[in-house]
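Engineer: Could you have a look at this structure, given as structure tokens, before my questions?
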Amino acid sequence: MEINSLLEPSSQIYESIHKSYKAEDIETNIIRPIARAINAKSASFVQFYADPMGEASFGVNRYIGRYPAVMSDFFNKFHPLCPWTRSVTKQLKESDHVDELLFADSFPNSIERDWDWRDNFLAHYGIVHFAGILLPIYLPFETHVAAFAFHRPREDPAFSPAEIEYIQRVSLAIKPTLHMIASAQARAMSQAIEIAYNKIDEKLGFLILDEDLMIRHANARGMKDANASRSSPPGSKLLGEVKKNLLSFNQNSGSGFIFQSEETGPVEVEIHNISVSDGRMFHLVLTTVCKKSCPVGNSCRQFGLTNRERDVVEGIVAGKHTAEFSRELGISERTGENHLRSIYRKVGVNSRTQLLAKIYLLH
């Protein structure tokens, strides 16, 4: 294998980097050209950011190489063993500042004693020599960290000083490009939040998930209902159900389910898709802890009624006429009538009497 004693980034590599306008471009325009230039056999990219509770979370990730399972294995089991991941997550938790870091090593030299990380992850996926860089991206309301790593197997030589310097030199072009991409993500997130606030009321918990199904915004009620607070055990069963629902092919905006939580009792969950102007999709998850037996909620959920339609049904169950429950809900009487027609259509009835009969029959 030929080792370059002097590597000069070409104009083509800079042009390729500057053509990256969204996260999907990072693999084609940044990772692959650099990997070719420094003779890396595989490479990875991971985005870090702080979630609404201040915990470090993973965002966009990409991998090129022979082992596509490497990223899922990393996130599911091995990321706590990675020294650079530990450093980034610690800094994100403790402050808004993350150190930029250029790193290179070969695992026999430095982590002989960390056998699980070395043998069961690095060696298993052909990663013996590695070089990369951590680039913090500072935005007005959050900090992102972009981690690029390039790998070689045991039979290849370690990365040379010239190849490591090459990574550092092209990073000067990568950083402003990533800042532009992250800024676009932040603008889309702001738009999603604005849309979400028009859909919710103060009684509801809510979480906003991005396209990678990571929590990007939430209120305290939503985090509590989802048992996703900082003091919670790793993983949230409710969030697991939400993600399973979103990954199913028949998921529609406004769909929902009842989640039986050991901590809070039954939690009603409603999911709405939010599409913003640049084409990105976010998911608004509304939560509310049911009253003791949640009679109306259980029946309404079976008919696929939204939270607002459930409020209308509760008004009808309480014997209120359209003008009365519309006034209490802060909507016009015409909007209340529209909700009522939608409820009739979903439940398959033509009158309040028939509606009440079906609701109580199910309960």
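Engineer: In a helix (DSSP H, G or I) and in contact (Cβ under 8 Å) with a residue 12 or more places away in the chain: is that true of Phe150 in this structure? Lay out the reasoning, then the answer.
Structural biologist: Details: in a helix (DSSP H, G or I): no; in contact (Cβ under 8 Å) with a residue 12 or more places away in the chain: yes.
So Phe150 fails the test.
Engineer: Would you be able to say whether some residue in the range 163-179 is in contact (Cβ under 8 Å) with a residue 24 or more places away in the chain and assigned to a loop (DSSP other than H, G, I, E, B)?
Structural biologist: Taking the range 163-179 and keeping what is in contact (Cβ under 8 Å) with a residue 24 or more places away in the chain, we get 163-171, 173-175, 177-179.
From what is left, the residues that are assigned to a loop (DSSP other than H, G, I, E, B) are none.
The answer is no, given that none of the residues of the range 163-179 is in contact (Cβ under 8 Å) with a residue 24 or more places away in the chain and assigned to a loop (DSSP other than H, G, I, E, B).
Engineer: Where the second residue is at pLDDT 90 or above and crowded, with 16+ Cβ neighbours inside 10 Å and the first is more than 17 Å from Thr306 (Cβ to Cβ) and in the same structural domain as Asp311 (by TED's automatic domain parsing) and lies in the range 327-342, which pairs have Cβ atoms under 7 Å and are six or more apart or on separate chains?
Structural biologist: none
Engineer: Same structure again: Tell me, which residue of the range 5-42 that is part of a helix (DSSP H, G or I) and surrounded by fewer than 14 Cβ atoms within 10 Å (Cβ to Cβ) is farthest from the chain's Cα centre (by Cα)?
Structural biologist: Among residues in the range 5-42 that are part of a helix (DSSP H, G or I) and surrounded by fewer than 14 Cβ atoms within 10 Å (Cβ to Cβ), the one farthest from the chain's Cα centre (by Cα) is Ser11.
Engineer: Select from the range 85-123 the residues that are surrounded by fewer than 14 Cβ atoms within 10 Å (Cβ to Cβ) and outside any helix (DSSP H, G or I) and write down the one among them that is modelled with the highest pLDDT.
Structural biologist: Glu100
Engineer: Let me ask another. Evaluate the following for Ile137: is it touching an Asp or Glu at 6+ places or on another chain (Cβ under 9 Å), closer than 24 Å to Ala173 by Cβ and surrounded by 17 or more Cβ atoms within 10 Å (Cβ to Cβ)?
Structural biologist: No; evaluated as a whole, the condition is false for this residue.
Engineer: Answer yes or no: is there a residue in the range 134-156 that is β-branched (Val, Ile, Thr) and closer than 30 Å to Ile331 by Cβ. Step through it out loud before you land on a result.
Structural biologist: Filtering the range 134-156 for residues β-branched (Val, Ile, Thr) gives 137, 143, 145.
Now restrict to residues that are closer than 30 Å to Ile331 by Cβ: none.
Within the range 134-156 (the criterion being β-branched (Val, Ile, Thr) and closer than 30 Å to Ile331 by Cβ), the answer is no, since none of the residues qualifies.
Engineer: Moving on to the next point. Select, from Leu207, Leu178, Leu246, Leu172, the only residue that is at pLDDT below 85 and either touching a strand residue (DSSP E or B) at 6+ places or on another chain (Cβ under 8 Å) or assigned by TED's automatic domain parsing to the domain that holds Gly126 (or both). Break it down into steps so the answer makes sense when it comes.
Structural biologist: Values: Leu207 fails: at pLDDT below 85; Leu178 fails: at pLDDT below 85; Leu172 fails: at pLDDT below 85.
When all the criteria are applied, what remains is Leu246.
Engineer: Hey, another quick one. Anything in the range 343-363 that is modelled with pLDDT of 85 or more and more than 13 Å from Asp311 (Cβ to Cβ)? List them, or say none.
Structural biologist: Scanning the range 343-363 gives Tyr344, Arg345, Lys346, Val347, Gly348.
Engineer: With the condition kept exactly as written, say whether any residue in the range 150-164 is assigned by TED's automatic domain parsing to the domain that holds Trp84, more than 21 Å from the chain's Cα centre (by Cα), surrounded by fewer than 14 Cβ atoms within 10 Å (Cβ to Cβ) and polar (S, T, N, Q).
Structural biologist: The answer is no; no qualifying residue exists.
The values are calculated or read from the model by the stated rules, or taken from the named source; none is laboratory data. A quick note: this is a predicted structure, and the numbers were derived from the prediction, not measured. Cβ sites come from the backbone with ideal geometry, for glycine too, and all protein chains shown count toward neighbours.
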